[in-house]
Amino acid sequence: MKKLSHTNDQGKARMVDVGHKPDQERIALASGKIKLQPDTIQLIKDNNIKKGDVLTVAEIAGIQAAKQTGNMIPLCHTLQLSKVEVNCELEKDRVSVTSTVKCIGKTGVEMEALTAVSVALLTVYDMCKAVDKEMEIGEIRLVEKTKK
């Protein structure tokens with residue numbers, strides 16, 4: 001049976017010691033979606049949401065969130081990120097968000113990529129909640145992670 005990496009021999013939560021690991025290039029890609037009503041899609045497309053440019057604000061929020069992941073997720077390491085890219089794409093009935101995060105370090109950046117997507121989606125929700133009461137966030141997932 002596999003053992004959880006973030007618990008000690010007594011089952012208590014702990015931060016994993018990665019000090020012995022070599023620095024490697026680490027990249028993670030995550031994605032997610034938020035379903036919206038057709039009228040909301042049109043408001044976003046026409047830049048008529050009262051809070052402003054939904055997609056740009058969501059992308060910036062996702063970037064900021066990735067950089068703060070170690071402060072929000074208790075057992076995550078604080079990482080020196082070399083790249084955070086968040087893309088929001090308006091589709092027929094949704095906004096799709098993807099995030100790519102990169103660093104040279106001892107541990108992966110999947111939590112940063114997932115956090116970026118999650119916060120970008122929550123930002124879309126926040127900016128559109130006055131006009132759309134049926135939004136649904138979902139399909140948040142890690143698409144890929146690599147190390148070289």
Legend entry - Pick from region 86-110, criterion of a type in the set (Gly, Ala, Ser) and under 13 Å from the mean Cα position of the chain (by Cα), ranking: farthest from ASP46 (Cα to Cα): SER99
Legend entry - Flag if CYS103 is at pLDDT 95 or above and in contact with a Ser or Thr (Cβ under 6 Å, 6 or more places away or on another chain): yes
Inset, instruction - From LEU36, LEU75, LEU79, grab the single residue that is at pLDDT 95 or above and of a type outside the set (Lys, Arg). - result: LEU36
Legend entry - Matching residues, region 47-71, being aliphatic (A, V, I, L, M) and either under 19 Å from LEU29 (Cα atoms) or part of a helix (DSSP H, G or I) (or both): VAL54, LEU55, VAL57, ALA58, ILE60, ALA61, ILE63, ALA65, ALA66
Legend entry - Number of the exception - LYS33 against (1) out of contact with any Gly (no Cβ under 7 Å at 6 or more places or on another chain); (2) touching a residue at least 12 places away in the same chain (Cβ under 8 Å): (1)
Inset, instruction - Please give the strands (runs of 3 or more DSSP E) falling wholly within region 76-148 in which 2 or more residues are touching a helix residue (DSSP H, G or I) at 6+ places or on another chain (Cβ under 8 Å), of a type outside the set (Ser, Thr, Tyr) and free of Cβ contacts under 8 Å to residues at least 60 places away in the same chain. - result: 81-90
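A quick yes/no check of all residues on (1) modelled with pLDDT of 95 or more; (2) surrounded by 15 or more Cβ atoms within 10 Å (Cβ to Cβ); (3) of a type outside the set (Asp, Glu); (4) assigned to a strand (DSSP E or B):
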| site | (1), (2), (3), (4) |
| --- | --- |
| SER5 | no, no, yes, no |
| MET15 | no, no, yes, no |
| VAL18 | no, no, yes, no |
| ALA28 | yes, yes, yes, yes |
| SER31 | yes, yes, yes, yes |
| THR40 | yes, yes, yes, no |
| ILE44 | yes, yes, yes, no |
Legend entry - Odd one out for LEU121 among (1) within 30 Å of LYS21 (Cα to Cα); (2) touching a Gly at 6+ places or on another chain (Cβ under 9 Å); (3) not β-branched (Val, Ile, Thr): (1)
Legend entry - Count of region 74-93 residues which are closer than 22 Å to GLU25 by Cβ and either in contact with an Asp or Glu (Cβ under 9 Å, 6 or more places away or on another chain) or not hydroxyl-bearing (Ser, Thr, Tyr) (or both): 11
Inset, instruction - Check CYS76, CYS128, CYS88 and return the single one that is farther than 20 Å from LYS33 by Cβ and crowded, with 16+ Cβ neighbours inside 10 Å. - result: CYS76
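The values are calculated or read from the model by the stated rules, or taken from the named source; none is laboratory data. Note that the structure is a prediction, hence the values are computed from the model and not measured. Neighbour counts run over all protein chains shown; Cβ positions are idealised from the backbone, glycine included.
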